[in-house]
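Asker: I'd like to ask you about the structure that follows.
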Amino acid sequence: MGANTSQVRDLSESESIRTLIGSESISENEPFWNQLISFTFTSPTCSADAKLLEEAVVPLAKTLIQNNSRSGNFAALVRVFLGRTKELKISTECQDQLFIWQAHNALFLVRCLLKVFIREMSEEDLHLQFSYQARAPGTYESNSGDLLEELICNLVHLIVEVPLLDITYNILFEAVTTLLVLLSYQLFQKEILREGLVYQCLTRGRCLSLTSRLVKTLLYNFIRQEKCPPPAHIFTPQADGGGLLYGLASGVASGLWSVFTLGGAGSKSGVDQEQNPLPLSNQSLLLLLVLANLPDGLDCPNPYKQAVTCFKNTQDTSSIPSPQPHTFQINFNSLYTALCEQQRSDQATLLLYTLLHQNPNMKTYMLSRTDVENLVMPILEILYHVEERNSHHVYMALIILLILTEDDTFNRSIHEVILKNINWYTERALTEISLGSLLILVVIRTIQFNMTRTRDKYLHTNCLAALANMSAQFRCLHQYAAQRIISLFALLSKKHNKVLEQATQSLQRQLGADDNTSLPDYAQDLSVIEEVIRMLLEIINSCLSNSLHHNPNLVYALLYKRELFEQFRSHPSFQDIMQNLDTVIGFFSQRLEQAGTDLSVETVQEVIKKGAVALPKDRLKKFPELKFKYVEEDQPEDFFIPYVWSLVFNSGVGLYWNSQGIELFSMDSP
């Protein structure tokens, strides 16, 4: 904030501020309001700027709370904003920048004050702040219409009606941000909120008819990825403006925020505008996720979730009316492209998951694309950098892969896509590899990371389920991918033997002990490892049974490490599944013996290729096809609502919340 930091903290010295928060009421027709809302700024760059702003506003807002029941000045400020929104669309058409600018500033003031109000009071008390009028002290107008609902409806109308241009960018951003702030009561509650005034306004009130238009607009804001226009597009700084202070149209900077300027948009990590120049896109996506994850009401389903689950492609010319409410059409190609480009953020990955899981039209479209690598590669990169990602982001990426692998066409097509020089894969130079083999490499790497670090059974299960879904369609596995499959088995085998040894020693100590000393439960660890080994053996078996002749590299890797499998041949948990592996190992071992000794790698591979064609298929026992389907757990809102709000908390542009008082999630959440 530069040299003006101290001035920001001394905002209470501003005459305009003292008047606004004082006990004297100000009629909304007085020239004071024009003076108050004549200031110029851009949005905060990072949490440091947003925190500074918050700290400056908190004492002022608290004073206003004390005096508002007498003055009614907060409601007057809201009505000043509402009065200007009626002409916004016309002002945009006429390029009336001054009018839009003042409306934006009024909304910014409302949002800053609301943010403190929401932290300090219940929804019922917030409703009273909107109701107080300039009347006798302590009284308020109860039948003057619901100003809170009027504000919410105006914000929704503003977002869906006002076109996105350079001159409207900031007010549209502010409208989206204010709706997020109004919904932020959830941050301060441990339990999931299923009712409330703001909730009712958005899901059952006058806003209900605008549900599909709001969802569509927020999606298009995400799709368009419009950069924040530079200040020059709003007002040109005067030559003698002195750096942080811009000259105003009135020539005098006398409002609340004239003492400082906020920087460009950013995130809690201090990312500046050059790195994250898309505040409206980011904020719109966060609002969309918050709305789509609102829980169903006691007597009605969430309309925003309905809209997200049923929208169609603009190319869909079907005349059959949709039975679902709130449906609309959107350009799937544009949405697909934006999703592919933006997967570096949690919120974009969560949107992709939501659409794949809940919108069958979008899922069918994604799976029909011939450039599926554009979607899959960013997901693989998230998993590859698992050490740098939060656990929720990794889960979402993994579940997306699991959902994709439920489709057999996808499983076949990924082996037909050949990639060259994967720069982010650093363990080994991959000059040429199929997308399918790369997917296998990354998932196996994720399993190995999980085994040594987090030891999360849920993550193991989903990784193995994705591999299992793909296994019958494994084609032309890269030799490195084949090696890693067998190396994973070697790692599991080693871990199995270690735990088995620990379990045996523990049992001996227990038998020899005189007291009832509690010892580790190695039996449970052993059971988990054996379950994972069983599943990996089933994956290898599925590949050999269905596409052995397509995968000579897997047969080669299997023969090279054949001794690994001997100990499991007589194990009761693996005997049945080991039969096919024994058959394959025995068949090819015999052919190699017949070919002679000291065989070169090329000769071995040639023997394997010819043998794969010669092996009678009826020699291999048939097992049920491996198929796993992702099913969302009961009460998914218990996971998704805290997750979404943690994203708002950490990634909301220009928003800062003090972590004290946040009840919905712990501060070590994503």
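The values are calculated or read from the model by the stated rules, or taken from the named source; none is laboratory data. Nothing here was measured: the structure is a model prediction, and the numbers come from that model. Cβ placement follows ideal geometry from the backbone for every residue including glycine, while neighbour counts extend to all protein chains displayed. Remember, those area values only see protein heavy atoms, side chains included, never the ligands or the DNA or RNA. Shrake-Rupley method; radii C 1.70, N 1.55, O 1.52, S 1.80 Å.
Asker: Quick one: helix 97-120 against the long Cα principal axis of the chain, what's the angle to the nearest 10°, folded into 0 to 90?
Answerer: Rounded to the nearest ten degrees, it is 70.
Asker: Related question: Go through segment 404-468 and name the trypsin sites (Lys or Arg not before Pro) that are in a DSSP coil and have 16 or fewer other Cβ atoms within 10 Å of their Cβ. Let's see the in-between values first.
Answerer: Working: sites: ARG412, LYS420, ARG428, ARG445, ARG453, ARG455, LYS457; in loops: ARG428, ARG453, ARG455.
In loop regions of segment 404-468 (DSSP not H, G, I, E or B), the sparsely surrounded trypsin sites (Lys or Arg not before Pro) are ARG428, ARG453, ARG455.
Asker: Match the structure shown to one of the listed values (1) -0.40, -0.86; (2) -0.45, -0.84; (3) -0.34, -0.77 of log10 I(q)/I(0) by the Debye sum over Cα atoms at q = 0.06, 0.09 Å⁻¹, computed from it, and give that label.
Answerer: (2)
Asker: Okay, next question. Tell me the accessible surface of ARG194 in square angstrom (1.4 angstrom probe, heavy atoms of protein chains only), to the nearest ten.
Answerer: Approximately 80 Å² for this residue.
Asker: Can you sort HIS127, HIS393 by 1.4 Å-probe accessible area, starting with the largest? Show your work: numbers first, answer last.
Answerer: Numbers: HIS127 55, HIS393 0 Å².
Descending accessible area places them as HIS127, HIS393.
Asker: Can I ask one more? 7 Å from Cα along Cα→Cβ at both ALA429 and VAL631: what's the point-to-point distance in nm?
Answerer: 4.8 nm
Asker: Treating only the Cβ of Lys, Arg, Asp and Glu as charged (+1, +1, -1, -1), what charge dipole size does the chain show about its Cα centre? Round to the nearest 20 debye.
Answerer: Using only the charged Cβ atoms, the result is roughly 1440 debye.
Asker: Sum up the charges of everything whose Cβ sits under 9 Å from the Cβ of ALA468, counting Lys and Arg as +1 and Asp and Glu as -1, but leave ALA468 out.
Answerer: Details: positive: LYS627; negative: GLU538.
Charge balance near ALA468 sits at 0.
Asker: Given a 1.4 Å probe and every protein chain left where it sits, what share in percent of the accessible area of the chain is carbon and sulfur?
Answerer: Details: 13960 of 28990 Å².
Carbon and sulfur: 48 percent of the exposed surface of the chain.
Asker: Next up: Test of understanding: given the chain, find the longest segment containing no GluC sites (Glu not before Pro) that are in a DSSP loop and have at most 16 other Cβ atoms within 10 Å.
Answerer: Working: sites that count: GLU24, GLU87, GLU141, GLU191, GLU195, GLU274, GLU416, GLU427, GLU625, GLU632, GLU633, GLU663.
Answer - 428-624.
Asker: Further question on the same structure: With every protein chain present, what is the per residue accessible area of the chain (1.4 Å probe, Å²)?
Answerer: Details: 28990 Å² over 670 residues.
For the chain, the per-residue accessible area is 43 Å².
Asker: Using only protein heavy atoms and a 1.4 Å probe, report how much of HIS549 is accessible, in Å² to the nearest 10.
Answerer: 90 Å²
Asker: Using the structure shown, select from LYS420/LYS609; LYS115/LYS363; LYS115/LYS629; LYS363/LYS495; LYS62/LYS89 the pairs with a Cα to Cα distance greater than 31 angstrom. Don't skip to the end; give the middle numbers.
Answerer: Working: LYS420/LYS609 25 Å; LYS115/LYS363 37 Å; LYS115/LYS629 42 Å; LYS363/LYS495 39 Å; LYS62/LYS89 34 Å.
Flagged as over cut-off: LYS115/LYS363; LYS115/LYS629; LYS363/LYS495; LYS62/LYS89.
Asker: Using a 1.4 angstrom probe on the protein heavy atoms only, line up LYS216, LYS115, LYS622 by accessible area, largest first. Mind showing how you got there, number by number?
Answerer: Working: LYS216 70, LYS115 10, LYS622 145 Å².
My answer, sorted largest first, is LYS622, LYS216, LYS115.
Asker: In addition: Nothing charged except the Cβ atoms of Lys and Arg (+1) and of Asp and Glu (-1): what's the magnitude of the dipole of segment 155-226 about its Cα centre? Round to the nearest 20 debye.
Answerer: Roughly 300 debye for segment 155-226.
Asker: Among LEU148, ILE400, LEU197, whose Cα lies farthest out toward the positive end of the dipole of the chain, if unit charges sit on the beta carbon of Lys, Arg (+1) and Asp, Glu (-1)?
Answerer: ILE400
Asker: Among HIS392, HIS357, HIS104, what's the order by accessible area (1.4 angstrom probe), most exposed first? Present the calculation step by step, with values, prior to reporting the outcome.
Answerer: Details: HIS392 40, HIS357 65, HIS104 15 Å².
So the residues, ranked largest to smallest area, are HIS357, HIS392, HIS104.
Asker: If you take the charge dipole of the chain about its Cα centre, with +1 on Lys and Arg Cβ and -1 on Asp and Glu Cβ, which of GLN186, THR354, LEU113 is farthest toward its positive end?
Answerer: Of the listed residues, the answer is THR354.
Asker: State the answer as a single residue: which of LEU367, LEU464, LEU599 lies farthest towards the positive end of the charge dipole of the chain, with beta carbon charges of +1 for Lys and Arg and -1 for Asp and Glu, about the Cα centre.
Answerer: LEU599
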